[in-house]
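This report concerns only the one structure given below.
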Amino acid sequence: MLDVNLWGVIHGVRAFVPRILATGQQGHVVNVASMAAVHPHARLGPYTVAKHGVLGLSDVLRDDLAAEGSSVGVSVVFPGRIRTGMNPIGSVGPATVARNVMDAIERGRPYVFTDDHSEDAVQTRLQAIIAARDDVIS
């Protein structure tokens, strides 16, 4: 699980980012995480860990590249229910996903959701994390 879902992304970054930087031109890295990166599910521990790792790697890579003055952007995609040959009951088609990814590249959007799948659950989780700041005991 970690070898493909996390290390695959790490190896991709290691292989391609130096090459993109060597051109001295603009570039963009698009890493694919999962909704599990922002909305974990019970009994999917290793998968969730891997996808959280992809999110963290993407955030750090974006910050590191920006700190170096690089013109290479980084986006991370959180696919929802994509309609594919493996998932014919998905709610969004591949062309919609592609349009969202291209828009993220063009506008420098760091996060790409493919649909509103689990929107309430993601919002609830992120708000709980933010609200926990009020519970800090000094």
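The values are calculated or read from the model by the stated rules, or taken from the named source; none is laboratory data. Every value quoted in this text rests on a predicted model; they were computed, and no experiment measured them. Note: accessible area is taken over every heavy atom of the protein model, side chains too, but ligands, DNA and RNA are not part of it. Shrake-Rupley method; radii C 1.70, N 1.55, O 1.52, S 1.80 Å.
Surface exposure of the chain, expressed per residue as accessible area with a 1.4 Å probe, stands at 63 Å². Is the shape of the chain best called rounded, prolate or oblate, per the rule: a/c under 1.5 gives rounded, else a/b larger than b/c gives prolate, else oblate, with a ≥ b ≥ c the square roots of the Cα gyration tensor eigenvalues? It is oblate, given that a/c is not under 1.5 and a/b is not larger than b/c. Protein heavy-atom surface of the chain, 1.4 angstrom probe: 59% of the accessible area is carbon and sulfur, with nucleic acids and ligands not counted.
For the pair ASP116 and ILE137 in one chain, pulling the backbone fully straight at 0.36 nm per residue adds 4.0 nm over the alpha carbon distance. Less than 5 angstrom separates the built amide H of PHE113 from those of PHE78, all sequence-distant by 5 or more or on a different chain. With a ≥ b ≥ c the root eigenvalues of the C-alpha gyration tensor of the stretch 71-138, is it rounded (a/c under 1.5), prolate (a/b larger than b/c) or oblate? Verdict is oblate for the stretch 71-138.
Here the Karplus curve 6.51 cos²θ - 1.76 cosθ + 1.60, taken at θ = phi - 60°, turns the phi angles of the stretch 103-120 into couplings of 5, 4, 5, 5, 9, x, 6, x, 10, 10, 8, 8, 6, 9, 4, 6, 4, 5 Hz, with x standing for Gly and Pro. Between amide H atoms placed 1.01 Å from N, distances below 5 Å from VAL72 occur with GLY27, all of them 5 or more places distant or on a separate chain.
Karplus-derived 3J(HN,Hα) values for the stretch 76-88, using 6.51 cos²θ - 1.76 cosθ + 1.60 with θ = phi - 60°, are 10, 9, 10, x, x, 8, 7, 7, 9, x, 7, 9, x Hz; glycine and proline are entered as x. Distance from the alpha carbon centroid of the stretch 1-50 to that of the stretch 107-138 works out to 20 angstrom.
Derived scalar couplings between HN and Hα for the stretch 18-33 equal x, 5, 5, 4, 5, 6, x, 9, 5, x, 8, 9, 10, 9, 9, 9 Hz in order, rounded to whole Hz, by the Karplus curve 6.51 cos²θ - 1.76 cosθ + 1.60 (θ = phi - 60°), x for Gly and Pro.
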